[in-house]
Amino acid sequence: MLLIFFFLVVTGLRLYKSYKRDPGEHVAAKVTLACVIIYAIIFYTSSVAWIGGLLRYSDQFRRTYEVPVGVLSADVVAGAAILHILGGTVLLFSATSMAMRSTKALKWFRLLLFVVAPAEVVSFYRGLESEPTGLPPVISLGFSVIVVSVLTGFLFVIMGRPYMRAFFKGPQPIDLSPLSPSAPEHR
């Protein structure tokens, strides 16, 4: 929880600084970006925590993730957990870097959505199978695929919309070097 709070505060300050560059413009893009970053912070901060804990708590990792779940083998569940930890960490840092309108971070974020999606399917499926739902495991897995696909597709599409691309281009910083034609004249 403290790590989530830390990421929210740091990213909030970065968003504030970025949003001051063009007040009153790109309002929809600013709200969208803030929501997407908050989503990433809430869902992927645990990946950062597990990075350090993976080495220290390898026994706990094995007890938690090296177990079969429904129709999935223990190896698949453990592999998905490792993918979630590593990919989720990079996705989180890409998301928080988007606060400063980094187009490179936006490209990485959109790519990583699909890299992490299989791990998200397994994670969602583990959650469904941990409680008695009365559904056959194959139906639960199919439902997991549908939910994660819709969410991943939505995030991918919304972050690629023209209004988001225009926002990420944003106002260009002014070059104040003396050789620049846009530099103010000194008299």
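All of the numbers you see were taken from the coordinates with simple rules; none came from a lab. Worth saying up front: this structure is predicted, and the values here are computed from it rather than measured.
General observations
- Evaluating 6.51 cos²θ - 1.76 cosθ + 1.60 at θ = phi - 60° for every residue in the range 88-103, the Karplus couplings come out as x, 5, 5, 4, 4, 5, 5, 4, 5, 6, 5, 4, 9, 6, 6, 5 Hz, glycine and proline recorded as x.
- Alpha carbon centroid spacing (whole Å) that separates the range 18-39 from the range 82-151: 23
- Ellipticity estimate at 222 nm from DSSP helix runs (n ≥ 4, -39,500 (n - 2.57)) divided over the chain, nearest 500: -25500 deg cm²/dmol
- Choice from V157, V122, V48 showing the highest fluctuation, given a GNM over the chain with Cα pairs closer than 10 Å: V157
- Mean Cα-pair separation over length for the range 63-176, i.e. relative contact order, pairs under 8 Å, 6 or more apart, %: 25
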